[in-house]
1. Would you mind getting me the FRET efficiency between A:Gln128 and B:Leu292? Use the beta-carbon distance for r and R0 = 35 Å, nearest 0.05.
2. Determine the shielding of peptide B:267-277 by partner chains: average, over its residues, the number of Cβ atoms on other chains within 10 angstrom of each Cβ.
3. Pick from B:Val175, B:Val165, B:Val290: which is most flexible by mean-square fluctuation in a GNM of chain B where alpha carbon atoms under 10 Å apart are linked?
4. Would you mind ranking A:Thr196, A:Thr239 so that the residue whose beta carbon has the fewest other beta carbons within 10 Å leads the list?
5. Per residue of B:14-20, count partner chain C-beta atoms within 10 Å of its C-beta, then hand back the mean as an integer.
6. Could you compute Rg(Cα) / (2.2 N^0.38 Å) for the protein assembly as shown, with N its residue count?
7. Could you work out Rg/(2.2 N^0.38 Å) for segment A:319-408, with Rg from alpha carbons only?
8. Can you tell me what share of the DSSP beta bridges in the protein assembly as shown is antiparallel? A percent to the nearest 5 is fine.
Amino acid sequence: MLDSPTATKPQSSVSPTALAVPARNRKSKSLPLGFIAGVIAVLLLAACSSSASNSTSSSSSSLPKAIKLVNIDGLTGAGAAYATYIKQGMQLAVDDINSSHYLTHSSLSMTFEDSTGSPSTAASLASQAVGKYTVVFGPNDSGSAVAVAPILARNNVPTVFTQAGSPGVLIAKNIVRLTPLQTSFVPKTLQYLESTKAKSLAVIYDSDYPTLMDEANDMKSMASKYNYKYLGSAAVLSTTSDISSAVSKLLAFHPAAIAVLLVGAQNSSLGSLLSQANFHGPVISAEGALAGLLGSKNSEANGWTWTADWNPPGTNQKSKIFTSQFEAKFHATPTLWSAEAYDAVYYAAAALKAANSTVAAKVDAALATVGANGFNGILGSHLLVRNGQEYSNGFLVRWENGGGTIVG
Amino acid sequence: MVGLLGRDFEKLQQVINAAVLGSIYSLFAFGIGLPWGTMNVLNLAHGSIFLLCGFICYVLSVKARVPLNLPEAAAVAIAVGVCADWLIELIVFRQIRRRSSNDGEAQLLMVIGSVGIAGIPIAIANNVTGGVPFMILQQPTHSREHELFGASISNLEISIIALSVGIVVAAALWVRFSRHGRGLRAIAVDPEIASLMGISRSRASAIVMGISGGTAGLAGVLFGEYLASLQSTSGEDLLLKGFAVVVVGGVGSLWGLLVGAFALAVGEVVVTATTSGVWTDGVSFALIIVILLLRPNGIFGRATVDRT
């Protein structure tokens, strides 16, 4: 259905010329002139039909045989776990798209560039990607995403981000973000907190992650709405390994509940420290906690609850198939980062199919159209993307004995 | 310091936190400071050897399901650390020393060589774990907690403090009073004259690198258990702190190293407890700059104490 408008266009460009020539031919009275006109008409018709057939054929196969995509992300560094999950999701999506001939005669090839989690390296890789790749998948951490977005916007490179919830990412029409804003999940998490009857909250967060800082601020500003007292916060840097002094500061507030907005190994470290301190109150978190806890299978974090846009095996059939394919390929349970990345590649492929072209302007327009019509992905059957931003209600996920389960 | 830290039990708890953090820094920095102060080898691969030791324990215990307890894991990690540093000494540092025209050139090449080596364990760990944090034992060690005037301290924390301070103090005494230690100090002052006096530089290097690697292994296991997990960047995160500790204490002074480690830890804990944690690294390193402006050779640098 998406192909039909481009398929009909060449025919309409042929017909006016074809009709006009016989009309002029009828008005001619001189034979030589008529003969010449006839020859011209035949030549014109031949030329037009030839051009029409070329045009039609080029429109039906205007996607090249190989379409080059690139993912720039921190495969090493503090956020390497997330980038690795994203890489796995993308690899699976590319394999699926190519083996199912989703793009008919075209196949996708994905290059993975390691930005090491450094915004300057990410920006340099983005500059090198301009003109070399049809679609760029940007880094998942906001700091790097903000660094690469202006480069890709300036050069009008179709760009898809997952995660990277900071302002300064969606700065042009050629950029879409296929992860709901983490801050949009805060109210759902706080509704859960309200249901636990906890009357006070203290927050520990990574101050060098803008999204986590925004969430911490939201938890402060929404305190009265969700009937708790905001006691204070303790901030650490994501490179700080020993967070015990920040945890002591946090516990000195004597909170009924704690919000954890940390990355990587800090999550499992915090689980251990809270357990040592005999803290048994509700712990709310953000989806980033999952990666930190998964590696350690930390049972000390049992009961931690957060809102996420996906949790294995998901809720729809597509999602369940994805989960089993992922487990077969990587011998591991997929995470939401892999799921989002899988959808992101399919989303870009759908845009390429709709555009039937790798010309940046056409792909940009198709990225918007696909999202406005509702994208059928594993994160949801009718995911809406407006002004480049994906929207979703999210699910409450609770950590229990080495894994997350959907609880609401 | 205590007055700055805030409420009730938090004061004492933060003192304990600073003691544990200072001990971790001193044990880690000791592995950098000993070869640097005695053999003029700045081994920037120390952080990745620390990681490698914890990672090997993870592979054995979690992946291969070999049932290891904490002391056994520590023994494995120490052995891995000693072997890894010996290999570095044998394959890289010794060859560089042999082929360099002078000591200055050799020192520079060894720093560059160690940077190159540092990438290998990180890449391996990153590839195997996918950057995901990993536990070094199948089950975390639940060490007994002791109540101390409202604060708490675990057996693991007591072990970290005792082992770290004990090892650094013992090493400082060994370097100062033992025959081998005097040999090391002689090499540090003038390697050529030391070798004319019959002190084997190769043997001394092997001993120093072995001790350095062993402490990296011990630190990897203790720190990995204390934090509940490690990740591929854990060693690199500590490397800058370890380097700062050695410089502040004064290169060549193990007593200075101990003071530098606790000074940095106290600075970090006070900043975290009293301000937003955003300032922790900034204020701590600003303090280091102030110390170095006042005492360019570090707290116990050459101006006051020659070599340990």
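FYI, it's all coordinate maths here, none of it is from the lab. Quick caveat: nothing in here was measured; it's all calculated off a predicted structure. Neighbour counts run over all protein chains shown; Cβ positions are idealised from the backbone, glycine included.
1. Details: r = 39 Å, r/R0 = 1.12.
Once the sixth-power term is evaluated, E becomes 0.35.
2. 5
3. B:Val290
4. Taking fewest neighbouring Cβ atoms as first place, the list is A:Thr196, A:Thr239.
5. Mean number of neighbouring Cβ atoms from other chains: 3.
6. Working: Rg = 31.3 Å, N = 716, 2.2 N^0.38 = 26.7 Å.
Compared with the compact-globule rule of thumb, the protein assembly as shown sits at 1.17.
7. On the way: Rg = 15.3 Å, N = 90, 2.2 N^0.38 = 12.2 Å.
Dividing the Cα radius of gyration by 2.2 N^0.38 Å gives 1.26.
8. Roughly 35 percent of the DSSP beta bridges within the protein assembly as shown come out antiparallel.
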